[in-house]
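Worksheet: one structure, shown below.
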Amino acid sequence: RETSISTVIGSGFVTDFQNSTYVVTNFHVVDGVSNMTVTFSNGDAYTGKVVGTDQYSDLAVVSVDAPSSEYSPISMSNSADLQVGQPVFAIGNPFGLTGSFTSGVISQLGRTIQESTSGTYSISNIIQFTAPINPGNSGGPILDAAGNVVGITTATVSGSQGLGFAIPSDTIMKELPSLITSGSYKSHAYLGIGGTDMNYQLAQASGTNVTYGVMVESVASGSPAANAGLQAGTKRVVVSGQQYLAGGDIIISVNGPRIVTLDGLSSYLEENTVAGQTVVLGVIRGGVPTSVTLTLGARP
């Protein structure tokens, strides 16, 4: 049987953790890779080894067999402080063009994207930005004007202009201890629902005046949502040729803050909660506001 070998190019940045130095990159950059080489900006190259990965945040931590003189760690700042319109800068190796620097602005926060490596789950709480990125940029840092890491490039949309996405630094800092000490991160919160964004047209078809939030269409058996008694849709409605299951609970808040979309729900849970934590959902059930206390699970 013939075996083909191809080269994968990605980017990364150096960070310190408990007196040791590591390289942070994307999971999809190191997934299935053998004979990993890490090359620094001065051209010096060393072997690398994967220390920990999380496919659900597209993160990986790599250790490098290099002397301390090679490392130039970058500080991370809190991505929770980012504002739409804020300038950001991307460094990476697009198409192998080492050390390329591009600039742009934050387009939006709290996006949700789907990558093949994350399976059936979405990657939530994503930064959208306009700095041009290309294949090879993956894993490179997104910096603020002070030169601090606020995110790590994860994806772009093929054929688009100015549509880049990054994992926020707060996610990196939250997961880093677990990735390094245990090799994985198992605390992503799991609700166990299938849902869709509410809007005016769907509200009209469903017979409700609630035009925002997440309409619960299905509830997974044995899930935290099922245990808490969240109700799934029972009535089929069609809006713009798309079929929905209406009549179930509509989630409009978590622990107080309003939830407008499914992206907003996923991003709130990713940013503010972990598996095992108890949250209070504000829901509309049969047209009546109520609250549901729910203990989040870990992704099965």
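The values are calculated or read from the model by the stated rules, or taken from the named source; none is laboratory data. This structure is a prediction, so every number in the text was calculated from the model and none was measured. Quick reminder, even Gly has a Cβ in these numbers, built from the backbone with ideal geometry, and neighbours come from all protein chains shown. In case anyone asks, the SASA skips ligands and DNA or RNA and just uses the protein heavy atoms, side chains included. Shrake-Rupley method; radii C 1.70, N 1.55, O 1.52, S 1.80 Å.
Restricting attention to the range 237-251, the residues that are open to solvent by 30 Å² or more (accessible area, probe 1.4 Å) and touching a residue at least 40 places away in the same chain (Cβ under 8 Å) total 2.
Listed by first and then second residue, the pairs linking a residue in the range 276-300 that is within 27 Å of Ser118 (Cα to Cα) to a residue that is among the aromatic types (Phe, Trp, Tyr) and not in a strand (DSSP E or B), with Cβ atoms under 7 Å apart and 6 or more places separating them unless they lie on different chains, are Arg299/Tyr56; Arg299/Tyr121.
When we screen Ser41, Ser68, Ser11 for residues that are in contact (Cβ under 8 Å) with a residue 40 or more places away in the chain, farther than 22 Å from Lys186 by Cα, touching a Gly at 6+ places or on another chain (Cβ under 7 Å) and open to solvent by 70 Å² or more (accessible area, probe 1.4 Å), the only hit is Ser41.
Considering the range 176-262, the qualifying strands (runs of 3 or more DSSP E), each wholly inside and each with 2 or more residues that are under 23 Å from Val274 (Cβ atoms), run over 193-197, 214-219, 250-254.
Could you tell me whether Val23 is outside any strand (DSSP E or B), buried (at least 20 other Cβ atoms within 10 Å of the Cβ) and not hydroxyl-bearing (Ser, Thr, Tyr)? No, not satisfied. For the range 111-137, the candidate set comprises residues that are open to solvent by 20 Å² or more (accessible area, probe 1.4 Å) and of a type in the set (Ser, Thr, Tyr); within that set, the residue that is farthest from the chain's Cα centre (by Cα) is Thr130. The numbered conditions (1) crowded, with 24+ Cβ neighbours inside 10 Å; (2) more than 12 Å from Asp58 (Cα to Cα) are all true for Ala166 except (2). Of all residues in the range 150-163, those being crowded, with 24+ Cβ neighbours inside 10 Å and more than 14 Å from Leu109 (Cβ to Cβ) number 3.
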